[in-house]
Amino acid sequence: MTRSRLDSFRAFDAFVRAAEARSFTAAGRQLGVSSSAVGKAVARLEETLGVRLLHRSTRTVTLTPEGAAFLARCRRILDELDAAERELAQSRDAPRGRLRVSMPLAGMLMTPALAGFMAAYPEVELDVDFSDRLVDVVEEGFDAVIRAGEVADSRLMTRVLGTFRLMLVASPAYLESRGTPRAPADLRHHACLHHRFATSGTLERWPFRAGFEDVEALLPRTAVMNTIEPLIAMAECGRGITCLPDFAIRRQLDAGTLVAVLEDAVEHTGTFRILWPASRHVPPKLRVFVDVMADTLFR
């Protein structure tokens, strides 16, 4: 920054303080300079701009119409400078302190990303609440929440972490013994393992394409679980066909212990987002958590 530009910002500050205090003397006390220095700074600013900003009298100073308009702009400029200084100060600080996060129950399958974050930032105390209930981020004091779906809340900032899809899967051993369904209607003769949402108590629908929706009512309820980890284990053990998000079974699909069925009859895409209270200043611990989750969760 050039010296003339720096002097301009100092003059802005002197003008704002004098205008708000209605006194060069009071402004000088705030800045640690003489009233004469404040008056000269404002005079130079007026000369540069070619307009009178303040009316002077022996006791007080008042804004001209041009000064009132310029005061609003100066305040915004100085606020931005102050914010920039705070952000730079925060960037020098190592992320530390307690970080309270809410994640869906399926988030327990995202623990490798959490473990990586903990290893990278050991001074951050991670406090994670696994729940499918719709938490109020601001009122309940969470630093961040991870959720699927759309969110409309002007109090929150958001960042997309990645997409996922639901798919029907079973073990090769199950399909060998019971046969592979060729159409959704064939599922009536198979063991179907369902997920029930813990908060609402409703079954998660299997995402059949248009034209196959009626099959849902015909599916056997061989087993119903309110978390998905047991469904993964039961499917791997050959107990039936289940519907699971792809990110939760990536390892099983790669190893071949689970395989997809009826892929052409299923259609689903979902989005995971991380949300946090809107603020001009994001704490370092939160900033790095958002970055790590975005970089690793679905990679």
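Which of the following residues is out of contact with any helix residue (DSSP H, G or I) (no Cβ under 8 Å at 6 or more places or on another chain), under 19 Å from THR257 (Cβ atoms) and not polar (S, T, N, Q): LEU166, LEU193, LEU175, LEU203?
Working: LEU166 fails: out of contact with any helix residue (DSSP H, G or I) (no Cβ under 8 Å at 6 or more places or on another chain); LEU193 fails: out of contact with any helix residue (DSSP H, G or I) (no Cβ under 8 Å at 6 or more places or on another chain); LEU203 fails: under 19 Å from THR257 (Cβ atoms).
Going through LEU166, LEU193, LEU175, LEU203 in turn, the sole match is LEU175.
Would you confirm whether any residue within the stretch 68-83 is at pLDDT 80 or above, β-branched (Val, Ile, Thr), within 20 Å of ALA198 (Cα to Cα) and surrounded by 11 or more Cβ atoms within 10 Å (Cβ to Cβ)?
no
Specify which of the listed residues (LEU258, LEU297) is over 25 Å from the mean Cα position of the chain (by Cα) and crowded, with 19+ Cβ neighbours inside 10 Å. Give the steps one after another, and end with the answer.
Values: LEU297 fails: over 25 Å from the mean Cα position of the chain (by Cα).
Step by step, each of LEU258, LEU297 is checked, and only LEU258 is over 25 Å from the mean Cα position of the chain (by Cα) and crowded, with 19+ Cβ neighbours inside 10 Å.
Inside the stretch 1-36, can you point out the residues that are of a type in the set (Phe, Trp, Tyr) and at pLDDT 85 or above? Before the answer, list the steps.
Residues of the stretch 1-36 that are of a type in the set (Phe, Trp, Tyr), as a first pass: 9, 12, 15, 24.
Hits for the stretch 1-36 are PHE12, PHE15, PHE24.
Pick from ILE228, ILE232, ILE274, ILE249: which is β-branched (Val, Ile, Thr), under 34 Å from the mean Cα position of the chain (by Cα) and within 30 Å of GLU85 (Cα to Cα)? Walk me through it before giving the result.
On the way: ILE228 fails: within 30 Å of GLU85 (Cα to Cα); ILE232 fails: within 30 Å of GLU85 (Cα to Cα); ILE249 fails: within 30 Å of GLU85 (Cα to Cα).
The conditions single out ILE274.
Do we find a residue being surrounded by fewer than 13 Cβ atoms within 10 Å (Cβ to Cβ), under 20 Å from THR271 (Cα atoms) and polar (S, T, N, Q) anywhere in the stretch 171-193?
No, the stretch 171-193 contains no residue that is surrounded by fewer than 13 Cβ atoms within 10 Å (Cβ to Cβ), under 20 Å from THR271 (Cα atoms) and polar (S, T, N, Q).
The values are calculated or read from the model by the stated rules, or taken from the named source; none is laboratory data. As the structure is a prediction and not an experimental result, all values here were calculated from the model. As a convention, Cβ positions derive from the backbone with ideal geometry for all residues, glycine included, and neighbour counts pool all protein chains shown.
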